[in-house]
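What follows is calculated from the coordinates using simple rules that are stated; it is not laboratory data. As the structure is a computational prediction, the values presented were derived from the model and not from experiment. Cβ sites come from the backbone with ideal geometry, for glycine too, and all protein chains shown count toward neighbours.
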Amino acid sequence: MSDSAENKKEAPIMKTEMEGTIPFETGNLSKEEIESTFNALPVDVTFVDKDDTVRYFSQSKDRIFVRTKAVLGRKVQQCHPQKSIKVVNEILEDFKSGKRDVAEFWMNFEGKLIHIRYFPVRSKSGEYLGCLEVTQDITGIKRIEGEKRLL
């Protein structure tokens, strides 16, 4: 085997299925690893299914908008103020029809600048599966100047 062929060898591939894990296209994770990963993210994540039902939310240590398990199974429209429902429905309809791929808002809340983004979740074939809400305190990010490099 030539040196160039040797250099082109791929790294060994992990066994695609490991006991107690969920196989993904790019690896395997256990339920505990998945849940802990979502909770470790510096954002709050909420998933609403294709029928507009709240199915999941992360429990990060510094959650911005408090969620209780009582929201699980509720229609997302019931989780927003009445004056916001028209906009919520427009966003969801745009996601379902494929008209829009993101909706974003920002606001001042308790002395922090909060960035809220909504993304449609689609299967590989493009089927609408639901909506992901990602909420982040960007107060510190807005203050960043210059650069800080790893090296």
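At-a-glance table
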{"item": "DSSP-assigned coil residues among trypsin sites (Lys or Arg not before Pro) in region 113-151, each with at most 13 further Cβ atoms within 10 Å", "result": "Lys124, Arg143, Lys148, Arg149"}
{"item": "0 to 90° range, to nearest 10: angle between helix 85-97 axis and the chain longest Cα axis", "result": "30"}
{"item": "Sequence-distant residues sharing a close amide H with Arg100 (under 5 Å, placed H)", "result": "Phe95"}
{"item": "Cα gyration tensor category, rounded, prolate or oblate, for the chain with a/c compared to 1.5", "result": "prolate"}
{"item": "Residue order, fewest to most surrounding Cβ atoms within 10 angstrom, among Ile114, Ile85", "result": "Ile85, Ile114"}
{"item": "For Phe24, Phe47, order by how many other beta-carbon atoms lie within 10 Å, fewest first", "result": "Phe24, Phe47"}
{"item": "Relative contact order of region 43-145, pairs being alpha-carbon contacts under 8 Å that are 6 or more residues apart, as %", "result": "30"}
{"item": "Helix 31-40 vs. the chain, principal-axis angle (Cα, 0 to 90°, nearest 10)", "result": "60"}
{"item": "Pairs beyond 32 Å (Cα-Cα), from Lys75/Lys124; Lys83/Lys124; Lys99/Lys148; Lys31/Lys148; Lys31/Lys124; Lys83/Lys148", "result": "Lys83/Lys124; Lys99/Lys148; Lys31/Lys148; Lys83/Lys148"}
{"item": "Selected from Val87, Val43, Val121 as most flexible by GNM, with the chain as the system and alpha-carbon contacts under 10 Å", "result": "Val87"}
